[in-house]
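J.: This is the structure I want to talk about, given as C-alpha cells.
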Amino acid sequence: MKRVFVAGGATFDSIVHVNKFFVPVPGTIFSHGLHETTGGTGSGKAMNLARLGFDTRFHYFAGKDRYAREINKSLKKAGVRPYQSFDPAGTERHFNIME
C-alpha cells in the first residue's frame, strides 16, 4: 500500500439548508435542515486519498475542544491517521447556508 502525507486545513462546519436564498427585503428565512461535519480542503484530500486505498497521514491545527474531537473521529472513520497540533485560537468553524 502506498503511503501519503497531507498537511492542511481542517474545520468543523455547520451546514444549514434553506428553500430560497435571501432577497434584499426584510423578512425571516426558515431552514429545513442542519448538519455538522468535518470540512476543509486538507481533510477532504486526506479522506478521499484514504478511500482510494492510500495509507494516509494528515497533519492539521485545531483547538483542544469538542470540534477537534469530532474532526479526529471522522478522519479515523475514513481511514486517515490524524496528527493534530494545538491552535490556541481554537478549532476553525464554518457556517454554510445552502439552497
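The values are calculated or read from the model by the stated rules, or taken from the named source; none is laboratory data. It should be emphasised that the depicted structure is a prediction, and the values quoted were computed from it without experimental measurement. Quick reminder, even Gly has a Cβ in these numbers, built from the backbone with ideal geometry, and neighbours come from all protein chains shown. All accessible areas refer to the heavy atoms of the entire protein, side chains included, with ligands and DNA or RNA removed. Shrake-Rupley method; radii C 1.70, N 1.55, O 1.52, S 1.80 Å.
J.: Select from 12, 58, 22 the residue whose mean-square fluctuation is largest in a Gaussian network model of the chain (Cα-Cα springs shorter than 10 Å).
T.: 22
J.: While we're here: Could you tell me the relative contact order of the chain? Use alpha-carbon pairs under 8 Å, at least six residues apart, and round to a whole percent.
T.: About 39 percent, as a whole number.
J.: On the accessible surface of the chain, probed at 1.4 Å, how many percent belong to carbon and sulfur atoms?
T.: The value for the chain is 57 percent carbon and sulfur by accessible area.
J.: Cα axis of helix 41-51 to longest principal axis of the chain: angle in degrees, 0 to 90, nearest 10?
T.: With both axes taken from Cα atoms, the answer is about 60 degrees.
J.: Turning to a different aspect of this structure: What residue among 21, 61, 86 has the largest mean-square fluctuation in a Gaussian network model of the chain, using Cα springs under 10 Å?
T.: Of 21, 61, 86, the most mobile in the Gaussian network model is 21.
J.: For the chain, give the share of DSSP beta bridges that are antiparallel, in percent and rounded to the nearest 5; count only bridges with both residues there.
T.: Counting only bridges with both partners in the chain, antiparallel ones make up about 30 percent.
J.: Based on the alpha carbons, how large is the Rg to Rh ratio for the chain when Rh follows Kirkwood?
T.: Rg divided by Rh gives 1.10.
J.: What is the angle, in °, between the Cα long axis of helix 66-77 and the longest principal axis of the Cα atoms in the chain? Nearest 10 is fine, range 0 to 90.
T.: The answer is roughly 60 degrees.
J.: Taking the chain as a Gaussian network, where each spring joins two C-alpha atoms under 10 Å apart, which residue of 48, 19, 72 fluctuates the most?
T.: Per the Cα network of the chain with a 10 Å cutoff, 19 tops the list.
J.: Then there's this: Within the set of other residues whose C-beta is less than 14 Å from the C-beta of residue 29, count the net charge using Lys and Arg as +1 and Asp and Glu as -1.
T.: Value of the local net charge: 0.
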